[in-house]
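Before any comments, here is the structure.
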Amino acid sequence: MTRRGRIADFWFRSLSRAHRVLLRLSRWHLGAGIVGMPIVELRTTGRRSGRPRAVVLSSPVVDGERIVLVASKGGDDRHPEWYRNLVADPLVELTVHGSRRPMIARTADAEERAELWPRVVAAYRGYAIYQHRTSREIPIVICEPQG
């Protein structure tokens, strides 16, 4: 990994940690939305360590109990670690407005992605810029309640 990549990873992790602290201290009253999108805390299991991992993300599409995430990593050519973790173990937990929910996460198939991508970009134009920056297709993740 390049020095630039390590710095970017450090910045993303630090920002996510700070955001999680703000959400917890304010009981999800501060920082629970950004540019019109709800914020969620995603908990995965580390694919190598087996340890719990948490990251704060925005959700551009919420359809009832179905919550959509975008594995953009700001247009980086690498998938985010949280995405790689949920591919390895799709049983995740989402915290939405302070309420924890066990979910099953999966990558949207081509048809679902075709339906969701315009909605994702309508929620935040930056996703289109991120897609333009990278050669990888940015995955869309669909989280649905377990059971």
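The values are calculated or read from the model by the stated rules, or taken from the named source; none is laboratory data. Here the structure is a predicted model, which is why all the values come from computation and not from measurement. Counting neighbours? That spans all protein chains shown, and the Cβs are built from the backbone with ideal geometry, glycine included. When the accessible area is computed, the model is the full protein with side chains, heavy atoms only, and any ligands, DNA or RNA have been set aside. Shrake-Rupley method; radii C 1.70, N 1.55, O 1.52, S 1.80 Å.
See the values below:
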| quantity | calculated |
| --- | --- |
| Check on ALA54, under 12 Å from the mean Cα position of the chain (by Cα) and free of Cβ contacts under 8 Å to residues at least 40 places away in the same chain | yes |
| Identity of the residue in segment 72-107, over 11 Å from LEU42 (Cβ atoms) and either in contact with a Gly (Cβ under 6 Å, 6 or more places away or on another chain) or of a type in the set (Ser, Thr, Tyr) (or both), that ends up least open to solvent (accessible area, probe 1.4 Å) | SER72 |
| Only listed residue being polar (S, T, N, Q) and touching a Phe, Trp or Tyr at 6+ places or on another chain (Cβ under 6 Å), chosen from SER99, SER72 | SER72 |
| Tally, over segment 84-99, of residues that are in a strand (DSSP E or B) and touching a residue at least 24 places away in the same chain (Cβ under 8 Å) | 6 |
| Criterion violated by LEU15 - all others in (1) farther than 16 Å from GLY98 by Cβ; (2) modelled with pLDDT of 95 or more satisfied | (2) |
| Subset of segment 66-118 [modelled with pLDDT under 95 and of a type in the set (A, V, I, L, M)] | VAL96 |
| Complete set of residues in segment 61-109 that are more than 13 Å from the chain's Cα centre (by Cα), farther than 24 Å from HIS132 by Cα and small (Gly, Ala, Ser) | GLY64, ALA88, GLY98, SER99 |
| Segment 108-147 - residue that is part of a helix (DSSP H, G or I) and among the β-branched types (Val, Ile, Thr) and, of those, least open to solvent (accessible area, probe 1.4 Å) | VAL120 |
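This table checks each residue for (1) modelled with pLDDT of 90 or more; (2) part of a helix (DSSP H, G or I); (3) of a type in the set (Asp, Glu).
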site: HIS19; (1), (2), (3): no, yes, no
site: ARG24; (1), (2), (3): no, yes, no
site: GLY31; (1), (2), (3): no, no, no
site: ILE39; (1), (2), (3): no, no, no
site: THR44; (1), (2), (3): yes, no, no
site: SER49; (1), (2), (3): yes, no, no
site: ARG53; (1), (2), (3): yes, no, no
